[in-house]
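Asker: This structure is in structure tokens; I'll ask about it shortly.
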Amino acid sequence: MKVDGKCSCGFIAIEAEVDPEKVSICHCSDCQTTTGTAFRVSVPAPGATFRMTGQPAIYVKTTAESGNPRAQAFCPKCGTQLYSTTPGDGPQAFYMLRVGLLHQRDRLVPRRQIWFRSAQPWVTKLGGLPRDDKQKDTSHLR
């Protein structure tokens with residue numbers, strides 16, 4: 001499936017081919033920290049299909065359990081997370097694209113969850129929470 005997307009400010013644009021069956025949710029503590037939330041949704045894209053305009057900022061993070069370095073790419077202007085890959089110059093074998101930046105995110109349904117032992121206990125209970133179609137007035141919170 002061909003996917004494309006842009007960061008929040010439009011400085012970085014990405015195109016790639018992905019297999020929708022490989023979309024995953026990661027609950028590891030590194031993903032919780034870097035996203036600022038409970039998990040991250042990603043899909044691998046072969047390096048041969050990956051195209052990008054703009055130059056991302058890269059932060060090399062040594063993963064907690066394996067000790068392997070991962071290059072975390074994000075927009076240097078707006079901070080949108082783009083992908084992770086193996087550190088190094090030049091094309092990589094694959095890129096783990098952040099599904100939230102892709103225009104096709106509604107069709108990229110997670111097929112598995114990884115590092116579930118680190119999942120926040122409340123994530124499995126979200127279906128029972130009250131729902132609103134949009135954010136209500138929050139001026140009373142100020």
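The values are calculated or read from the model by the stated rules, or taken from the named source; none is laboratory data. Bear in mind the structure is a predicted one, so any value in this text is a computation, not a measurement. We place every Cβ from the backbone using ideal geometry, glycine too, and count neighbours over all the protein chains shown.
Asker: Out of the residues in segment 83-112 that are among the charged types (D, E, K, R) and surrounded by 15 or more Cβ atoms within 10 Å (Cβ to Cβ), which is farthest from Pro46 (Cα to Cα)?
Answerer: Ranking the candidates gives Arg105 first.
Asker: Given the structure, is Val41 loosely packed, with under 13 Cβ neighbours inside 10 Å and at pLDDT 95 or above?
Answerer: Judged against the criteria, Val41 is not a match.
Asker: Please state which one of Gly100, Gly90 is more than 23 Å from Asp19 (Cβ to Cβ) and not basic (Lys, Arg).
Answerer: Gly90
Asker: Among the residues in segment 11-20, are any of a type in the set (Phe, Trp, Tyr), modelled with pLDDT of 95 or more, surrounded by 12 or more Cβ atoms within 10 Å (Cβ to Cβ) and not in a strand (DSSP E or B)?
Answerer: yes
Asker: Is it the case that some residue within segment 64-82 is at pLDDT 95 or above, surrounded by fewer than 19 Cβ atoms within 10 Å (Cβ to Cβ) and either polar (S, T, N, Q) or under 12 Å from the mean Cα position of the chain (by Cα) (or both)?
Answerer: Within segment 64-82, not a single residue is at pLDDT 95 or above, surrounded by fewer than 19 Cβ atoms within 10 Å (Cβ to Cβ) and either polar (S, T, N, Q) or under 12 Å from the mean Cα position of the chain (by Cα) (or both).
Asker: Among the candidates Asp30, Asp4, which residue alone is modelled with pLDDT under 95, out of contact with any Pro (no Cβ under 7 Å at 6 or more places or on another chain) and either over 27 Å from Gln120 (Cβ atoms) or in a helix (DSSP H, G or I) (or both)?
Answerer: Asp30
Asker: Provide a single number: the residues in segment 33-54 that are touching a residue at least 40 places away in the same chain (Cβ under 8 Å) and either more than 14 Å from the chain's Cα centre (by Cα) or assigned to a loop (DSSP other than H, G, I, E, B) (or both).
Answerer: 9
Asker: Also, quick follow-up: Is it the case that segment 124-135 has a residue that's more than 30 Å from Gln55 (Cα to Cα), exposed (fewer than 10 other Cβ atoms within 10 Å of the Cβ) and among the polar types (S, T, N, Q)?
Answerer: So far as segment 124-135 goes, yes, one or more of its residues are more than 30 Å from Gln55 (Cα to Cα), exposed (fewer than 10 other Cβ atoms within 10 Å of the Cβ) and among the polar types (S, T, N, Q).
Asker: Another one. Would you say Val43 is touching a Pro at 6+ places or on another chain (Cβ under 8 Å) and either within 17 Å of Ile14 (Cβ to Cβ) or hydroxyl-bearing (Ser, Thr, Tyr) (or both)?
Answerer: It is true that Val43 is touching a Pro at 6+ places or on another chain (Cβ under 8 Å) and either within 17 Å of Ile14 (Cβ to Cβ) or hydroxyl-bearing (Ser, Thr, Tyr) (or both).
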